[in-house]
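To keep things clear, I will list the structure first and then write my remarks on it.
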Amino acid sequence: AQKITQTQPGMFVQEKEAVTLDCTYDTSDPSYGLFWYKQPSSGEMIFLIYQGSYDQQNATEGRYSLNFQKARKSANLVISASQLGDSAMYFCAMREFNYQLIWGAGTKLIIKP
Amino acid sequence: NAGVTQTPKFQVLKTGQSMTLQCAQDMNHNSMYWYRQDPGMGLRLIYYSASEGTTDKGEVPNGYNVSRLNKREFSLRLESAAPSQTSVYFCASSDPAGSRETQYFGPGTRLLVL
């Protein structure tokens, strides 16, 4: 069974709108971490935001926030006021007990002007 | 502070040739990783090194070897390249001292095996 599922292969969003990228995960480890990375067309992997399984509050980093619903095993990335530069692939990843990251297949986000 | 650097950026090999991908980090991180990314897919872990002197297999280790030369450097070797190894290779590093264990990535090496 897949441990990280990103159900949206691609999304088109109008500039300045908010966008939610979905991520669901599966683990039996009580201690885990969830990450979102951005990969622009230039190819580098850029760390965006982190949520620990014991964190009481949803993580926020500037325009990025993570909607963490532990009971539903979901960790959706929310980008507020989207910009053209947000067009990229977005990957959700989970760290379990052995510190290895397990990656989703990604969502391609295109921001329309 | 360069972060994670990788060489080369691009490489074309013929089937059966060998090569070594180099990775270095200047963040004093203990852990280092090698991933491959195939078109339309997420990253898959090839090998990782939790600390200097140790290496372990990841999800897709076949056809690869690694060397953790020192704390800074972690190399990936293809002994006999195959077309199935055409991919983009990323090196990453992280610091286990922090609870996040956030991985920081190099720019990647694009490898084409003909």
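The values are calculated or read from the model by the stated rules, or taken from the named source; none is laboratory data. Keep in mind it's a predicted model, so treat the numbers as computed, not measured. Quick reminder, even Gly has a Cβ in these numbers, built from the backbone with ideal geometry, and neighbours come from all protein chains shown.
Scan B:Arg100, B:Arg44, B:Arg110 and give me the residue that is under 16 Å from B:Gln11 (Cα atoms), within 13 Å of chain A (Cβ to nearest Cβ), surrounded by 13 or more Cβ atoms within 10 Å (Cβ to Cβ) and touching a strand residue (DSSP E or B) at 6+ places or on another chain (Cβ under 8 Å).
Going through B:Arg100, B:Arg44, B:Arg110 in turn, the sole match is B:Arg110.
Do we find that A:Phe47 is out of contact with any Asp or Glu (no Cβ under 6 Å at 6 or more places or on another chain) and either modelled with pLDDT of 95 or more or basic (Lys, Arg) (or both) in this structure?
No; evaluated as a whole, the condition is false for this residue.
Which of (1) touching a residue at least 40 places away in the same chain (Cβ under 8 Å); (2) in contact with a strand residue (DSSP E or B) (Cβ under 8 Å, 6 or more places away or on another chain); (3) at positive phi is the odd one out, the single condition A:Lys16 does not satisfy?
The single condition A:Lys16 does not satisfy is (2).
Condition first: surrounded by fewer than 19 Cβ atoms within 10 Å (Cβ to Cβ) and away from every other protein chain (no Cβ under 11 Å). Now tell me which residues in the range A:77-96 satisfy that.
A:Val78, A:Ser80, A:Ala81, A:Gln83, A:Leu84, A:Gly85, A:Ser87
Of all residues being in contact with a Cys (Cβ under 8 Å, 6 or more places away or on another chain) and not polar (S, T, N, Q) in the range B:1-34, which is surrounded by the fewest Cβ atoms within 10 Å (Cβ to Cβ)? Just the residue, please.
Result: B:Leu21.
Being over 18 Å from B:Val60 (Cα atoms) and more than 16 Å from the chain's Cα centre (by Cα) is the filter; apply it to the range B:81-101 and report the residue that is modelled with the lowest pLDDT.
Only one residue fits best here, namely B:Ala97.
Taking the conditions exactly as written (on the phi < 0 side of the Ramachandran plot and either outside any strand (DSSP E or B) or over 11 Å from the mean Cα position of the chain (by Cα) (or both)), does A:Thr27 satisfy them or not?
For A:Thr27, the condition - on the phi < 0 side of the Ramachandran plot and either outside any strand (DSSP E or B) or over 11 Å from the mean Cα position of the chain (by Cα) (or both) - is met.
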